[in-house]
1. Report yes if some residue within region A:410-420 is closer than 25 Å to A:Leu538 by Cβ and surrounded by 15 or more Cβ atoms within 10 Å (Cβ to Cβ); otherwise report no.
2. Looking at (1) closer than 26 Å to A:Glu528 by Cβ; (2) in contact with a strand residue (DSSP E or B) (Cβ under 7 Å, 6 or more places away or on another chain), can you tell me which one A:Arg355 breaks?
3. Given the criterion of a type in the set (D, E, K, R), in a helix (DSSP H, G or I) and farther than 29 Å from A:Val267 by Cα, identify the matching residue among A:Arg367, A:Arg388, A:Arg404.
4. Just to verify a result, which residue in region A:150-185, among those that are at pLDDT 90 or above and in a loop (DSSP other than H, G, I, E, B), is surrounded by the most Cβ atoms within 10 Å (Cβ to Cβ)?
5. If I ask for residues that are out of contact with any Lys or Arg (no Cβ under 7 Å at 6 or more places or on another chain), within 14 Å of another protein chain (Cβ to nearest Cβ) and not in a helix (DSSP H, G or I), which ones from region A:35-65 would you list?
6. Would you mind stating whether B:Ala140 is in contact with a Leu (Cβ under 6 Å, 6 or more places away or on another chain) and open to solvent by less than 40 Å² (accessible area, probe 1.4 Å)?
7. Say we look at region A:147-161 and pick out the residues that are in contact with a helix residue (DSSP H, G or I) (Cβ under 8 Å, 6 or more places away or on another chain) and of a type outside the set (Lys, Arg); which of these is farthest from A:Ser346 (Cα to Cα)?
8. Checking A:Ile147 against (1) assigned to a loop (DSSP other than H, G, I, E, B); (2) under 23 Å from the mean Cα position of the chain (by Cα), which single condition isn't satisfied?
Amino acid sequence: MPHSTAAPLLRVQDLTVSYRTGRSGLVPAVRGISFDIADGEIVSLVGESGSGKSTTALAVLGLLAPGSQLTGRLEFEGQSLVGATPRQWRAIRGRQIAFIPQDPTVSLNPTRRIGRQIAEAIRIHDRSTPRSEVHDRVIELLDRVGIPQPDLRARQYPHELSGGMRQRVLIAAALANEPQLIVADEPTSALDVTVQKQVLDHIHALRSDLGLAVLLITHDLGVATDRSDRIVVLSDGLVEESATAEQILHSPSSEYTRRLLAAVPKVDHGRLRWDAVTQTVLAPEPSRTPPPAATAGDAASADSVLIAHGLHRSFKGPRRGEPIHAVRNVSIRVPRGGTLGIVGESGSGKSTLARLLTRLSPVDSGRIVLDGTDITDITGEQLRQLRRRVQIVYQNPFASLDPRFTIARALVEPLRAFGIGTARERDERAAELLSLVGLPEDFAHRLPAQLSGGQLQRVAIARALANEPQLLVLDEAVSALDVSVQAQILELLVRLQSELGLSIAFISHDLAVIRQVSDSVVVMSQGEVVEDGPADILFNDPQSPYTRALLEAVPGRERMFASLPVRDETPITPKPLGPEAFDDLEAAHYLNSALSPM
Amino acid sequence: MTRRLERGAEFKDWGTYVGRRLLQGLLVLWAAFTLAFIILYILPSDPVRIMLSGSGAEFANASDADLAKVRAEYGLDKSAPLQYLHALWNAASGDLGRSIQRGMPVTDLLGGALGQTVRLGLAAFAIALVLGVAVALGAAFTRNRLVRQLVLTTPSLGVSIPTFWSGLLFTQVFAFRLGWVNVFDQESWKSILLPALTLAIPTSAFIAQILAKSLSATLGEPYIQVVRSRGASEARVLLRNAFRNASLPLLTMIGMIVGNMLAGSVVVETVFSRMGVGRLTFEAVNAQDIPVVMGVVILAAAVFVVISLVVDLIYPLLDPRVSVRTARRRNAAPSPLTPPSPDGTAADLPSPTTATIQGAVA
């Protein structure tokens, strides 16, 4: 590695950052981390929420919130940045160290044309260049990041561009002054997987074309192993491990890294199964040719709890006479006691489909049959009674639980709605539900704010199960969670399904997550079903080019899924979080909400 | 080519939008008129007696013949629906009746007073804008937390100062003690300073409150952090990037601001004895000069209608995310049918202005 001889481009040594909070004084977010970045090197900081990765990024840019304390060494090209004046920082930011932010949809000024925003990035450091030359440079930058018709695009406003396009604009602005180092904070976590691939390819190319060094902040080990020379694994503000991508994958030295790797959902493994004897979850490697007798497709046609046929739903478009077809001629079957995975990118209509299946939104045409009864047109009391039989769990548990209800109150709400049981019986049921989802019973009296995201999602699942529904619809129910928490929730679902015989419609943008829980799969794009079939067949031999493109774009393909040890060797025991984990989690939450969107 | 077609569609949309909003405005005017009519004329009381008892001693013991004469003059001898239709017809053709107190047509009275009040209002608005923006920007620029908090408390102070008190105070200090201005010389432009300042103080406090809150929200937006990451100075961040976006909510509040100033002018014009709409209102209410009160109600409603229309038409020019098309959709159907847009932008559009402004009318 080149960084061992000369001074590295960026040196971070014993860096500690603490935030000042109102109540408890200083909360350390980063506790003495060290790493170097050499010229032209890509280094990834990987960690879950609260690991301190975003704080490190802000420290490198000198953008920590006022009142935060920084100690340790931070050197750029041999010069110390600790204690640099605001003026000195301004000369470095944008010119030598540039920034690519997390969510392109909120990172451009909505009321200024994108050309002007890039021009501003140039103007800040260069006031002498004439206007026309700056304009030419803007066009050139837009062209370089692969934006078609740059002349036209420069005159557009951010909302007229797609998310991936906007991220390219932000990359163009970051490149404006030819910096030596780019700090990219989760640059693709808000983007669809296929767009993510394009943007990451682009950042990768910058290194080879321009010799840029990149500090890549990501929660996704797949992204990190695909894209970086070295990976720094952070946990709770400490460096767990710092090694090359190959080393991290093949011989991780830290226990934490191993656990993180194990928690990453594997797209090349089979469906998770609950083993009642050992009380563990197993993930078999899929046999290349699934045994024909056991295919879920046959089981589904034999017995489906929910059958939807030819569903159609359109919305009023932005222009008269041109409706948006959110769901077009979609037919699906949810196998009884099994899981139908519905996968698609944003705008594919999968969330609209969830609302149609649960009758939360009316269908334009098509039929929905639940357990032999047509529920397409039921209204009034019949529709209300349907709510007992079909339940939905959403992505964000912070938003789907009333912050003023105790957990017990939230859990018995469905029972109260249907006048089931006495107050005491309902309390007993709440305790029962808590233990069912692996939470301690004394959680009953807590408020949602006292629980972590993963625990709240368990509560949301428990609430959905209160009335013993026949069908559970999960709309991106694990997408907002950290990968290790996500793994726990997926295992919980697999266990519940096996113990209660639940039928599940599982909606996600994440192919690997879908792979882990589904018996059969439906791939959606732009409101239509592109491909469907038993999971084992569809993932091993995708027929449609779209499914193949999706699989191609799954991060981690380059190094991770080719070489990982078989997961069978390390069965994961579901591990309920004890209350002692909370103090850290609360701090993690505070930082997480302050630093990065869910 | 497609762009030109889009323009055409946009333009056509714009035309229908304005037409629709004008119709809505007429509806609001009609509702205001009807409500005022019901309260002033039809509720159980004798408007003629009220008018006469209020207008002076000579009618204190009016004979039945006199009463009948006045009734006939104002059309009050007819049935209520007929009276209403008569008054509505007159109002629609621009005749708001005659003042009982002064005998002049109400429209002439209002027209004469309006100029004074508009001058006062514009001067007050200009002062309020400068003061309010200065306080809000000052707070945003201040690094020291304590000082910022201190600056941010001034608006609540400003809102709570009663204008009759501050008006008298200013007169006492600036006109009498220091003798800088002559408040009684209506011709001099200087005379407008003190009443305008009096009227501006609560308004500026209101502006400062809204702008400071909106500025601090805008400064927390991710795109501001991105601008900082490019090496921008705080002045550039604040003035070139945050200020314009933060002032958009203020625009939606203009209806309310003007409403407050109209209400405030009643006190201020009375304190400074200026003959404007506020003073006219005060005297008309005092003398129970019902036609004039009706006229003021309609004028106020018309001002709101015009301002809300103008604000809604200007808004798309300042915020490119809002087009007349989306505004119209929002007004027409407050249904949850907003399609799930692929990138979620439609969901975070700033709220339309109409709701706030119509709220202010009520």
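The values are calculated or read from the model by the stated rules, or taken from the named source; none is laboratory data. Keep in mind the model is a prediction, meaning the values are calculated, not measured. Cβ sites come from the backbone with ideal geometry, for glycine too, and all protein chains shown count toward neighbours. For accessibility, only protein heavy atoms count, side chains too; no ligands or nucleic acids. Shrake-Rupley method; radii C 1.70, N 1.55, O 1.52, S 1.80 Å.
1. no
2. Evaluating A:Arg355 over (1) closer than 26 Å to A:Glu528 by Cβ; (2) in contact with a strand residue (DSSP E or B) (Cβ under 7 Å, 6 or more places away or on another chain) leaves (2) as the failure.
3. Working: A:Arg367 fails: in a helix (DSSP H, G or I); A:Arg404 fails: in a helix (DSSP H, G or I).
Exactly one residue qualifies, and that residue is A:Arg388.
4. Only one residue fits best here, namely A:Ala176.
5. Those that are out of contact with any Lys or Arg (no Cβ under 7 Å at 6 or more places or on another chain), within 14 Å of another protein chain (Cβ to nearest Cβ) and not in a helix (DSSP H, G or I): A:Leu64, A:Ala65.
6. Numbers: in contact with a Leu (Cβ under 6 Å, 6 or more places away or on another chain): yes; open to solvent by less than 40 Å² (accessible area, probe 1.4 Å): yes.
Taking the combined requirement at face value, the residue satisfies it.
7. Residues of region A:147-161 that are in contact with a helix residue (DSSP H, G or I) (Cβ under 8 Å, 6 or more places away or on another chain), as a first pass: A:147, A:150-151, A:153-158, A:161.
From the residues that got through so far, the ones that are of a type outside the set (Lys, Arg) too are A:147, A:150-151, A:154, A:156-158, A:161.
Values: A:Ile147: 21, A:Pro150: 25, A:Asp151: 28, A:Ala154: 25, A:Gln156: 22, A:Tyr157: 21, A:Pro158: 18, A:Leu161: 15 Å.
In this case the residue turns out to be A:Asp151.
8. Of (1) assigned to a loop (DSSP other than H, G, I, E, B); (2) under 23 Å from the mean Cα position of the chain (by Cα), only one is false for A:Ile147: (2).
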